[in-house]
Amino acid sequence: MRLNPFPTLSILLLTLILGGCHYMTIDTASPNPNLPPCPVTMFPIGRFMIPVPKDMELGAGIHKVNKITIDEIAWKRGRDREEYLQEVWMPVRTQARKRYVEGGKLGPASQGGLAEEDVSHLFGYPAMLLCYGDDMADHYIDVHIGLPEAILRLKESRFYPIGQECLDMEGRILNLFKHYRFGNKNVAPDSFFSAGGRVEGLKTWHERASLGATWPAGASRPTIRLSFHTSPSCTHEFPKSIFTGLSVARKHGIRLHVLRSQKRTLAGMVGLEEVYLIGNKDDDELRLSASWKYPGSGKDPEKPDIELKITCPESAKEKALHIWDTVMTKFTTVREYYGRRS
């Protein structure tokens with residue numbers, strides 16, 4: 001069987017030739033009604049609760065608040081915690097130091113060099129800070145904090161004028177840390193969730209979150225990939241429908257069968273849901289793509305740009321559509337899920 005190794009090329013080409021905004025629903029996109037219920041786990045990510053089927057494997061995600069990256073590292077069992085904190089931190093420190101020694105730039109942070117400091121007194125837990133720069137006049141503030149539940153790593157990239165002192169290295173990170181809570185008990189509805197914890201009660205101006213999950217491939221099970229992404233809203237333009245590009249796509253040798261193209265409301269947000277099969281003319285098997293896109297609503301952090309998506313080979317279409325409709329039905333926000341705090 002010969003499959004297109006770069007299925008996204010077809011999608012990219014189609015994106016470039018789209019026009020108009022027509023929407024239609026075709027019932028062939030409905031999953032088999034005889035399929036058993038699809039049990040899910042409600043997984044918090046950013047400001048939303050994503051229903052992830054229990055037979056899907058979660059992958060890594062990206063979590064940023066006010067352009068500070070949040071990462072939680074589990075403690076290693078059977079290892080002294082102080083020792084393990086050092087072990088996790090040392091590769092970052094060694095790589096930064098090696099870079100500047102080789103480049104002849106080892107020096108104070110005010111010169112774009114390397115700085116390191118024990119900042120435990122600021123955070124109330126064992127904590128270490130690294131500050132290192134690059135050739136583009138950025139400082140990377142990188143803090144590892146040994147919390148009882150996990151090692152919390154907070155990293156921020158910050159511009160500074162070359163040759164000037166890097167001031168207030170830990171200020172913004174310390175402010176975010178004061179609003180960080182581990183776990184999901186007693187949750188405020190304005191919370192932003194990372195992998196293991198959350199930030200609540202913080203005035204935010206930039207939020208980004210992503211999550212991926214996979215239905216593992218096997219001898220008779222092609223891979224299904226589920227992804228979710230949010231980013232700050234940068235446009236109010238409603239997504240264009242793929243349906244209007246159908247005839248043009250065929251002229252370019254792209255096989256496209258649109259199953260759904262419709263406006264659909266999730267958690268009070270009107271977005272565009274599309275389900276289609278796509279591939280090049282010489283592909284032995286088409287690929288299914290199902291997506292829901294919302295263009296965001298200004299600077300409202302609870303209504304950012306959103307994309308929910310599932311992709312898989314056509315042979316996994318029935319299973320994928322079953323997952324897709326379950327996700328679309330159960331998708332909600334943290335605020336709706338936990339309720340409003342009086």
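Model label sites at ASN175 and LYS76, defined 7 Å from Cα along the beta-carbon direction, differ in position by 3.6 nm.
Label-to-label distance for HIS206 and THR69 is 1.3 nm, based on points extended 7 Å past Cα in the beta-carbon direction. Computed extension length for GLU117-ASP55: 17.9 nm, one decimal, from 0.36 nm per residue of separation with the Cα-Cα distance subtracted.
Modelled label positions at THR41 and TYR125, each set 7 Å beyond Cα in the direction of Cβ, lie 2.1 nm from each other.
For segment 212-342, what is the relative contact order in percent, using Cα pairs closer than 8 Å and at least 6 residues apart in sequence? Let's see the in-between values first.
Working: 252 pairs, mean separation 33.7, N = 131.
Averaging sequence separation for qualifying contacts and normalising by length gives 26 percent for segment 212-342.
Would you mind checking the pairs LYS76/LYS185; LYS251/LYS303; LYS263/LYS317; LYS251/LYS319; LYS185/LYS317; LYS303/LYS330 and listing those with alpha carbons more than 27 angstrom apart? Over 27 Å Cα-Cα: LYS251/LYS303; LYS251/LYS319; LYS185/LYS317. Between the listed residues ILE224, ASN186, SER210, the Cα displaced farthest toward the positive end of the dipole of segment 166-225, a dipole computed from Cβ unit charges relative to the Cα centre, is found at ILE224.
GLN95 to LYS185: FRET efficiency via 1/(1 + (r/R0)^6), r the Cβ-Cβ distance, R0 41 Å, to the nearest 0.05?
Working: r = 36 Å, r/R0 = 0.89.
Step by step, r from the Cβ atoms, then E = 0.65.
Any read-out appearing in this document is the output of simple, stated calculations on the displayed coordinates, not a laboratory observation. Because the structure is predicted, anything quoted here is derived from the model rather than measured. Cβ: placed from backbone, ideal geometry, glycine included. Neighbour counts: every protein chain shown.
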